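Down below is the structure, laid out as structure tokens.
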Amino acid sequence: MNIYERALKTWGKEPQMLQVIEEMSELTKEILKNINRKKDNVAELIEETADVEIMLSQLKCCYNITKEVEDYKAQKLIKIAKRLDEWDKEHGNTAA
Ligand SMILES: [Mg+2]
């Protein structure tokens, strides 16, 4: 049993999924502080990003969707790369 499965088994699905939301809101708050208030909070951004990544791993474990998310993400990244290529072409960028 991995650490995510252990956490879900120990603390339960609902509390852990609420924890996903809590961590995402903490990261949201730090991004807003950084952008809106020009706060030097890189340490907090690192901490909250790590927290969110951990909880997203737990979410994928909870719903047994790790492989599906990975596949969707790969497809999405291909689409984003195509859009970036089109953007560069339209704007005369040659850096890529
Ligand atoms: Mg946190």
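Enumerate the helices (runs of 4 or more DSSP H) found wholly within the range 1-92, keeping only those where 2 or more residues are on the phi > 0 side of the Ramachandran plot and surrounded by 15 or more Cβ atoms within 10 Å (Cβ to Cβ).
Those helices (runs of 4 or more DSSP H) do not exist here; none qualify.
Read through the list (1) touching a residue at least 12 places away in the same chain (Cβ under 8 Å); (2) within 15 Å of the ligand (Cβ to nearest atom), then give the number of the only condition that Tyr4 fails.
It is condition (2) that Tyr4 fails.
Could you grab me the full set of residues in the range 35-51 that are in contact with a helix residue (DSSP H, G or I) (Cβ under 7 Å, 6 or more places away or on another chain), within 15 Å of the ligand (Cβ to nearest atom) and over 25 Å from Ala7 (Cα atoms)?
Passing the criteria: only Asn41.
For Leu77, only one of the following conditions fails: (1) closer than 30 Å to Gly12 by Cα; (2) not assigned by TED's automatic domain parsing to the domain that holds Tyr4. What is its number?
(1)
The values are calculated or read from the model by the stated rules, or taken from the named source; none is laboratory data. These numbers come from a predicted model, not from an experiment. Here the Cβ is made from the backbone with ideal geometry for all residues, glycine too, and neighbour counts use every protein chain on show.
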